[in-house]
1. Kindly flag which residue pairs out of 145/167; 30/165; 4/152; 4/145; 30/145 have an alpha-carbon separation exceeding 28 Å in this structure.
2. Work out, in µm²/s and without decimals, the Stokes-Einstein translational diffusion coefficient of the stretch 12-172 at 10 °C, 1.306 mPa s, Rh from Kirkwood over C-alpha pairs.
3. Can you give the relative contact order of the stretch 5-58 as a percent, counting alpha carbon pairs under 8 Å and 6+ residues apart?
4. Sort out for me the Cα centre separation of the stretch 1-42 from the stretch 82-132, rounded to whole Å.
5. So how far apart, in nm, are the two label points at residue 169 and residue 114 if each is 7 Å from Cα heading toward Cβ?
6. Please identify the GluC sites (Glu not before Pro) of the stretch 57-132 that satisfy two criteria: DSSP loop assignment and at most 15 other Cβ atoms within 10 Å. Which are they?
7. If packing is taken as the average count of other Cβ atoms within 10 Å, what order do 4-17, 128-141 fall into, highest mean first?
8. In nm², what is the average projected area of the convex hull enclosing the Cα atoms of the stretch 91-173?
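Nothing in this text is a laboratory measurement; each read-out follows from the coordinates by a stated rule. Computed from a predicted structure; not experimentally measured. Note that each Cβ is placed from the backbone with ideal geometry, even for glycine, and that neighbours are counted across all protein chains shown.
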Amino acid sequence: MAIKDILIHPDPRLKTAAAPVETVDTVLRKLADDMLETMYAAPGIGLAAPQIGVLQRILVMDCVKEDDAAPRPLVLINPQITWASETRSTYEEGCLSIPDQYAEVERPAEVEVSWLDVDGNPQSEHFDGLWATCVQHEIDHLDGKLFIDYLKPLKRQMITRKMQKLKRERARA
Ligand code: NI
């Protein structure tokens, strides 16, 4: 496995819709392993392939918060939201591509999602709480959308300027 570099906003690859995965093979399973390792190392609770520059519809997540609980790594290939609750909830979201910036985003509180697993088998699950927020945030990445796109323009521009500064500083380092 290998830890990959996570792209920092602004980057055109983070604004591009990813293509559906056509074949679930060993190359894709290796990508999923690398994504999980990269996510856990960050550390983060979700990561979408475009965030490491791979424009394919695959995401990983693990929203288990309790330190003593077993991890639950999930790999979702070609995920689709098949149902969303009318009830909405607000979470303070962050993103590994927008480090140290957090803002409240309102989304459906519960969603039903279908996807292919790493063996190419169809799966579906009902998510609520943090899992529901996380899976919607990660699916947005596959559509070239970031959580800051839900914010008011002024707030979004402020965060984008901070990220441009961060990238300049990292480039100089
Ligand atoms: Ni994100």
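1. On the way: 145/167 20 Å; 30/165 33 Å; 4/152 31 Å; 4/145 21 Å; 30/145 25 Å.
Violating the 28 Å limit, Cα to Cα: 30/165; 4/152.
2. Working: Rh = 16.3 Å.
D = 97 µm²/s.
3. On the way: 46 pairs, mean separation 29.1, N = 54.
Here the relative contact order equals 54 percent.
4. What the calculation gives is 18 Å, centre to centre.
5. It is 4.6 nm.
6. Working: sites: 66, 86, 92, 93, 104, 106, 110, 112, 125; in loops: 66, 86, 110.
Here the sparse-neighbourhood loop sites are 66, 86.
7. Details: 4-17: 15.4, 128-141: 21.0.
Ranking the peptides 4-17, 128-141 by packing returns 128-141, 4-17.
8. On the way: hull surface 28.0 nm².
That works out to 7.0 nm².
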